[in-house]
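Please read the structure below before turning to the comments.
The values are calculated or read from the model by the stated rules, or taken from the named source; none is laboratory data. Just so we're clear, the structure is a prediction, and the values are computed from it rather than from any experiment. Ideal geometry is used to build each Cβ from the backbone, glycine not excepted, and the neighbour counts take in all protein chains shown.
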Amino acid sequence: MTDEAGPRPLTGTTILEIDNPDAGPHLRLAKALAGKIVADLGATVIKLEAAAGDPVRAMPPFLPAVADTARRSALFQFLNTGKRILKMPAGATARRDALTTLLGASIDGVLWEEGDDDASAIAAATMPRVEIGGWPEGMTKSTPLSEFTVMAVGGLLDIVGDPEREPLRLGGHQASYAAGLAAFTALMAGLAGRRAGLATPPARISLVEVMLWVNWKAAAGAFADGRSPTREGGRSEFQVVACRDGHIALVYGVTQFDAVKALVGDPRLDDPRFATRPQRRSCGEAIYDILRPWFAARTRMEVYELAQGKGIPMGPAFSPFDLLDDPQTLARDFIAAMDDGQGGGLRLPRLPVLWNGRGFAPVAARDVADLAGAFAP
Amino acid sequence: MTAFRPMSGVRVLDFGLLTAGANTSAMLADLGADVIKIESGAYMDPFRAVGARDTAPGWWNRSPQYHFTNRNKRGAALNLKHAEGRRLVLELAKSCDVLVENFRRGVLERFGLTWEALKAANPRIVVASISSQGDTGPWRLHASYGSTLDATGGLASLTGYAGGAPTISGMDVNYPDQVVSLIATGLVIAAVMDARRTGKGALLDISQREIASFLIGEEIMAAAADPARRQPRRTGNAQEGVLFQDCLKCAGGKWVAVTLADTDAAGRCATAIGGVPHTGLRAALTAWCANRSADDAAKILVAASLPASRVMDGMDPLRDPGLAGGTLLRGDGGKLVKGMPYAFDGAGLAIERAAPDLGEHTLEILRDVLKLDEAEIARLDGLGVTSATPDTP
């Protein structure tokens, strides 16, 4: 299903990805993800790495078998698949000259990070350009941000975790990655406009805005009720419960409580206190006290199969390691092998799409020495 | 729509439901596409019922959730359970560039709207088929909500308090549902560009679970390469490679979120809070925060060039339009509508059409797109194919 032969949808398109030496990792990860997606879709993506090196090369998690310290970061390897990496010269004038030359070449689109010293050179170009920024346009951009504080401002921290405890961040790099997906779509919109003969205005992504956008139900709830929904922890209708060998997310539709009762078969669930959804929402903890022993007596896969058999949308809390070989990811070749050029094989997810049944296998980033190498077919 | 309309001239047959599907076609509409949302009295977008706030006739047109995600579209009622409805949809597909759907697997097949049938009707069509587990594989029929995908996609195993259970984003955000349209829209645009160039459409088989797992790609890569990472780590708000990061409770009960990336940042923090005793930075910062409001604490830490913020909630973007940026705007009748996750030339979204009432544009679609005459339209109405009243109250 996954193959490397034949042109990909963006083959023939060339994108510049400009690293701003002063940008924080929250911006870098967002921009790198957008560049990775277009590279895996077949575009020639030239990543212009700052002379001092990309700090993501030193960010965890690490690959213990990779000896080269510049390539041992799994984060760096994941975010730069398919790219050609060109080191920019040190010194402001030399960088600006190199950038101007590159922007004058046949480039179809640009991804860049706010605050770049050479922003005016990027602004003077006419191809689709997507700027990755932190705050919404018009807010004080000098207020420093991290991915974590982006989640705080966007309200996502407030909504995850237990009400009695501190707000909780989502794992991984979701504040940056959600923005990276938005940057990818903005770049595609720009490319489509250009191909249709339209003037392509510069696009801007704000990490804070993307987080607010993702968390729209908080604002919608606040607008409707005059107060924001917040984290419910043990009082939530949906909870993670322990099974004999792991955990499962106990999720069910508003009309499926009877199906859950049939699954568990405990007569205490027939209590009239649980008859309607508003009643159930007010005594979630009592319901979960009854449900827990049934789950604890079974494996998560037993529960998964029984629940799915009744159409109840429960699912085990799989770990990244579990995902490497579950029947579904195997059947769809979702985990691809990649030669990192260091003698060690790596395994990582391909793009989350099958295109006429074809998956796009990622290939490791490679360094190019000069402009000729960057543009070589 | 935006002033910039790269999807102008692109017509979308929209079977998108709830967030993942309906928002993908909404984002295409915002970029200038002519999006025709197909529902019927027999099957409506569930958001019409989920968000219903009253039971008077027409309740199905008043759900805030539905209005949040369906602006700038036209809406037609065509019952796919009726053979005539299926025939008309295949006719419509001939003049469409894109079809977006996120039905449960098997539904489109049951209606005869397979990829093969659609491709035969229109070789240039791009079909974005968005599903829980993808269109193939042994788990293709599995049901999921967003919170299920937090778990099955792997994100929940990396989210949680130290020593605690895996944690899902929960029903008030369903994070994995929200990110789907951010990538699916771009994939559709790439396929439309390709179809314009080659004359050939594409089936985009988009798995929501794969999107969720893709967003922890580096963790999957590391778990494959490093036996020490086979057991997932849950560390609360701490982050590998970051010296200190957490939420601290302030006077008044609000929380402040603080990231101290390295020892340099920790030094600035220590100075800002008036020094750190031998009890260490966490204890000192905890005590310092407890003596001031979250906004004051954030202000002092930000002045020391440290990322810090009060933990905000859904009320904040309503109070502060500058913060909301382009993410929220007022649509028809003052209703709140989801904006765009990007801006072109600094401009946000314009609502040119409110979300359509059920069947609002059936007549104009039948007449102007399918070129049906009045007798035929009346016949379809008589058969109930175009009924726009919900079958069940």
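Do we have residue B:238 as touching a residue at least 60 places away in the same chain (Cβ under 8 Å), outside any helix (DSSP H, G or I) and under 25 Å from residue B:312 (Cβ atoms) here? For residue B:238, the condition - touching a residue at least 60 places away in the same chain (Cβ under 8 Å), outside any helix (DSSP H, G or I) and under 25 Å from residue B:312 (Cβ atoms) - is met. Is one or more of the residues making up segment B:137-145 in the same structural domain as residue B:31 (by TED's automatic domain parsing) and assigned to a strand (DSSP E or B)? Taking every residue of segment B:137-145 in turn, none turns out to be in the same structural domain as residue B:31 (by TED's automatic domain parsing) and assigned to a strand (DSSP E or B). Would a scan of segment A:186-195 turn up a residue that is over 15 Å from residue A:26 (Cβ atoms), surrounded by fewer than 20 Cβ atoms within 10 Å (Cβ to Cβ) and of a type in the set (A, V, I, L, M)? Looking through segment A:186-195, none of the residues is over 15 Å from residue A:26 (Cβ atoms), surrounded by fewer than 20 Cβ atoms within 10 Å (Cβ to Cβ) and of a type in the set (A, V, I, L, M).
This table checks each residue for (1) at the interface with another protein chain (Cβ under 9 Å from one of its Cβ atoms); (2) within 27 Å of residue B:172 (Cβ to Cβ); (3) not hydroxyl-bearing (Ser, Thr, Tyr).
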position: A:277; (1), (2), (3): no, yes, yes
position: A:283; (1), (2), (3): no, yes, yes
position: A:308; (1), (2), (3): yes, yes, yes
position: A:312; (1), (2), (3): yes, yes, yes
position: A:332; (1), (2), (3): yes, no, yes
position: A:335; (1), (2), (3): yes, no, yes
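Residue-by-condition table, conditions (1) over 19 Å from residue A:376 (Cβ atoms); (2) under 17 Å from the mean Cα position of the chain (by Cα); (3) surrounded by 24 or more Cβ atoms within 10 Å (Cβ to Cβ):
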| position | (1), (2), (3) |
| --- | --- |
| A:16 | no, no, yes |
| A:31 | yes, yes, yes |
| A:41 | yes, yes, yes |
| A:70 | yes, no, no |
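For segment A:196-216, the set of residues classified as surrounded by fewer than 24 Cβ atoms within 10 Å (Cβ to Cβ) and either modelled with pLDDT of 95 or more or not polar (S, T, N, Q) (or both) consists of A:196, A:197, A:198, A:199, A:201, A:202, A:204, listed by residue number. At least 3 residues being touching a residue at least 40 places away in the same chain (Cβ under 8 Å) and either surrounded by fewer than 23 Cβ atoms within 10 Å (Cβ to Cβ) or not assigned by TED's automatic domain parsing to the domain that holds residue A:40 (or both) is the threshold, and among the helices (runs of 4 or more DSSP H) wholly inside segment A:279-377 those reaching it are A:284-296, A:300-309, A:371-375. The residue pairs whose first member lies in segment B:295-314 and is in the same structural domain as residue B:262 (by TED's automatic domain parsing) and over 15 Å from residue A:150 (Cα atoms), whose second member is surrounded by fewer than 23 Cβ atoms within 10 Å (Cβ to Cβ) and among the aliphatic types (A, V, I, L, M), and whose beta carbons are closer than 7 Å, counting only pairs six or more residues apart or on different chains, are B:300/B:272; B:301/B:272; B:304/B:272.
Suppose we filter segment B:285-304 for residues that are at the interface with chain A (Cβ under 7 Å from one of its Cβ atoms) and out of contact with any Ser or Thr (no Cβ under 9 Å at 6 or more places or on another chain); how many remain?
Counting residues in segment B:285-304 that are at the interface with chain A (Cβ under 7 Å from one of its Cβ atoms) and out of contact with any Ser or Thr (no Cβ under 9 Å at 6 or more places or on another chain) gives 0.
Among the residues examined, residue B:225 does not qualify as within 30 Å of residue B:114 (Cα to Cα) and in contact with a Pro (Cβ under 8 Å, 6 or more places away or on another chain).
Scanning segment A:99-126 for residues that are among the hydrophobic types (A, V, I, L, M, F, W, C) and either in contact with an Asp or Glu (Cβ under 6 Å, 6 or more places away or on another chain) or free of Cβ contacts under 8 Å to residues at least 60 places away in the same chain (or both) turns up A:99, A:111, A:112, A:119, A:121, A:124, A:125. Would you mind stating whether residue A:164 is surrounded by fewer than 24 Cβ atoms within 10 Å (Cβ to Cβ), more than 7 Å from chain B (Cβ to nearest Cβ) and of a type outside the set (A, V, I, L, M)? In short, yes. Identify, please: which residue in segment B:180-221 is within 7 Å of chain A (Cβ to nearest Cβ) and of a type in the set (D, E, K, R) and is, among those, nearest to residue B:94 (Cα to Cα)? Checked segment B:180-221; the qualifying residue nearest to residue B:94 (Cα to Cα) is B:194. Can you find even one residue in segment A:201-215 that is among the basic types (Lys, Arg) and outside the structural domain of residue A:152 (by TED's automatic domain parsing)? Checked against the condition, which is being among the basic types (Lys, Arg) and outside the structural domain of residue A:152 (by TED's automatic domain parsing), segment A:201-215 yields no hits at all.
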